[in-house]
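Comments concern the structure below.
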Amino acid sequence: MNSASLNAARREAELARVAGGERVDLAVIGGGVTGAGIALDAAARGLSVVLLEANDLAHGTSRWSSKLVHGGLRYLAKGDFALAHESAVERGIMMTVTAPHLTRTLPQLFPLHTTTSRAQQGVIAAGLQAGDVLRRITRTPGRVLPRPRTITRHEALALTPGLRRNGLRGALLSFDGALTDDARLVVALARTAASYGARILTRVRAHQVLADRVRATDELTGQALEVQARQVINATGVWAGSLVDSVRLRPSRGSHLILRGEAAGTSVSSVMIGVPGETNRFVFLLPQPDGNVYLGLTDEPVDGPIPEVPTVPESDVDFLLEVASSALARRLTTADVIGRFAGLRPLISAGGRSADLSRKHAVLRSPDGVLTVVGGKLTTYRRMAADAVDAAGLPAGPSTTHELPLIGAAPRSRLSTVDAPRRLILKYGTEAPRIAAIGELDPALAAPVAPGSEITGAEVVWAIRHEGALDVSDVLERRTRLSLVPADAEAAREHVADLVTRSLRGLPTPT
């Protein structure tokens, strides 16, 4: 394998080779979870790969997810067993093989108040039991995802002290998967692909694609280049139609609010709150490892031009706060919101509401031969990637990514013995001691980048040297996620900028 380190020096050297006429088996456009997954799948099969991303890894939808690795309970409720089974299979692979270090078991609590009818309770309970059957069919161990059960009122309040006590009878408790950080999953995929020889080129914008070549521009220098390949795959998500005219998508906006944990009254468990008038739709409170809570999710169609960074409309804010407050002792207001973000799902165009559109993925071939991957979701990225590489029809063996751990991954039993702070292990896995060592060698880098922050200078240095970050925004927005809470990002910006400048100067000269 080659080095898994991505940085400015490696980018410059590999860009020079590609611009110089090097022909690869596969050119992938898009550095989100799907594009990075395709690059890894192809490189692991022995194919030569170049990935082109106009901005940074995980710049688009992949960093705006709910960070859930879910087993398809919603699809079971709609009778789509095949899609639910696919989700459960991929959840199990991610949590036990490919990324145990980036995933965690997330308790999900469904509060039962006196306003919850026995029929509603029965429907939810039946769905949870069906989801557990699917877990067992797909052989995800019970130690990773325990069986669902009914808990008492006191147990529910112990898990979520902020629940509305009046009329609380108890709760249904189930378990699903969650990511520590969705952007970090994309970075791990790209770095693992690089270790197999894939050329990962960020800040290279494709503006014309054909079946066997991509015309692009280096956004850092303005240099025009042409990438030659045996097959081109368009994995740009909601922007896929801007490169391939025949692709028709109907984007759906998923909005989230960020709250402090004490405002929501949460502890370790997420809370699933039914949307009034809906039989299979919930708003949820998702506790994060940093102590904050995500409140989501909306599902609204988006018309018109696709924005580079979607915004959260006030109507979504009001909706989320209103529904969540119905289950809490304390009413949430806009004063509790410390951040907000929205992602756009690249759903395949069809009639009906966006909430009802299928989350299935498809690999489409345009009349001129370009392959485009559309639809799907974060949980099933690996299956999407394998299908895309299969569709390319290049001489290579079958996909092996179902048994290929990502950089930093290890069995949970081994992760528990890694000699590093638990916070770092949850982000870096077996690489955590290397980040800790940077701080030990230079105590100044062991200090937080801002008062009240857990992020250290060592993590900034690591992002520049090994994770492909090229500037301050890459570090704040996608490697550390400080920008999710604007006040936190501003407090750290000046110090991070200084660390980025010094780290870039210390990189070796490309060869």
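The values are calculated or read from the model by the stated rules, or taken from the named source; none is laboratory data. Owing to the predicted nature of the structure, the values given are computational and were not obtained by experimental measurement. Neighbour counts run over all protein chains shown; Cβ positions are idealised from the backbone, glycine included. For accessibility, only protein heavy atoms count, side chains too; no ligands or nucleic acids. Shrake-Rupley method; radii C 1.70, N 1.55, O 1.52, S 1.80 Å.
Side notes on the structure shown:
- Per-residue Karplus couplings for the range 54-67, computed as 6.51 cos²θ - 1.76 cosθ + 1.60 with θ equal to phi - 60°, are listed in order as 5, 10, 10, 3, 6, 5, x, 4, 4, 9, 10, 7, 6, 6 Hz, Gly and Pro entered as x.
- Taking the accessible area of the chain, probe 1.4 Å, and keeping the other protein chains in place, the carbon and sulfur fraction comes to 53%.
- Once the convex hull of all Cα atoms in the range 448-487 is built, its volume per residue stands at 57 Å³.
- Shape call, the range 367-411: gyration tensor on alpha carbons, a/c limit 1.5: oblate
- Angle between the chain longest axis and helix 81-93 axis [Cα atoms, degrees, rounded to 10]: 70 degrees
- The chain: angle of helix 314-325 to the longest principal axis, Cα-based, in degrees nearest 10: 40 degrees
- Take Glu155: with every protein chain present and a 1.4 Å probe, its accessible area is about 70 Å².
- Calculated mean residue ellipticity at 222 nm for the chain: -9500 deg cm²/dmol, from DSSP H runs with n ≥ 4 weighted as -39500 (n - 2.57), summed, divided by the residue count and rounded to 500.
- Averaged over residues, the count of other Cβ atoms within 10 Å places the peptides 260-269, 138-147 in the sequence 260-269, 138-147, highest first.
- Shape summary: the range 310-468 maps onto an equivalent ellipsoid whose semi-axes, from the alpha-carbon gyration tensor, are 35, 31, 15 Å in decreasing order.
- Phi angles across the range 427-434 convert, under the Karplus curve 6.51 cos²θ - 1.76 cosθ + 1.60 with θ = phi - 60°, into 3J(HN,Hα) values of 9, 10, x, 5, 7, 3, x, 5 Hz, Gly and Pro given as x.
- Between Phe175 and Gln108, the built amide H atoms are under 5 Å apart, and every one of these is 5 or more places off in sequence or on another chain.
- Per residue, the convex hull volume that the Cα atoms of the range 293-354 enclose (Å³): 112 Å³
- Per-bin percent of Cα-Cα distances, the range 1-111 [10 Å]: 11, 32, 32, 17, 7, 1, 0
- Helix 381-392 vs. the chain, principal-axis angle (Cα, 0 to 90°, nearest 10): 40 degrees
- Shape summary of the range 376-495, radius of gyration then Dmax from alpha carbon positions: 17.8, 54 Å.
- Based on C-alpha pairs under 8 angstrom that are at least 6 apart in sequence, the range 99-168 has a relative contact order of 51 percent.
- Normalised per residue, the accessible area of the chain is 39 Å², obtained with a 1.4 Å probe and no contribution from ligands, DNA or RNA.
- Principal axes of the range 250-361: Cα extent on each, largest first, Å: 40, 32, 25
- Three-way shape call for the range 435-511 based on the alpha-carbon gyration tensor, with the a/c threshold at 1.5: oblate
- Sequence-separation-based contact order of the chain, relative, with Cα cut under 8 Å and 6+ spacing, percent: 22 percent
- Cα point-scatterer Debye curve for the range 124-237, base-10 log of I(q)/I(0) at q = 0.19, 0.20 Å⁻¹: -1.09, -1.17
- √(5λ) per eigenvalue of the Cα gyration tensor, the chain, largest first, Å: 36, 27, 21
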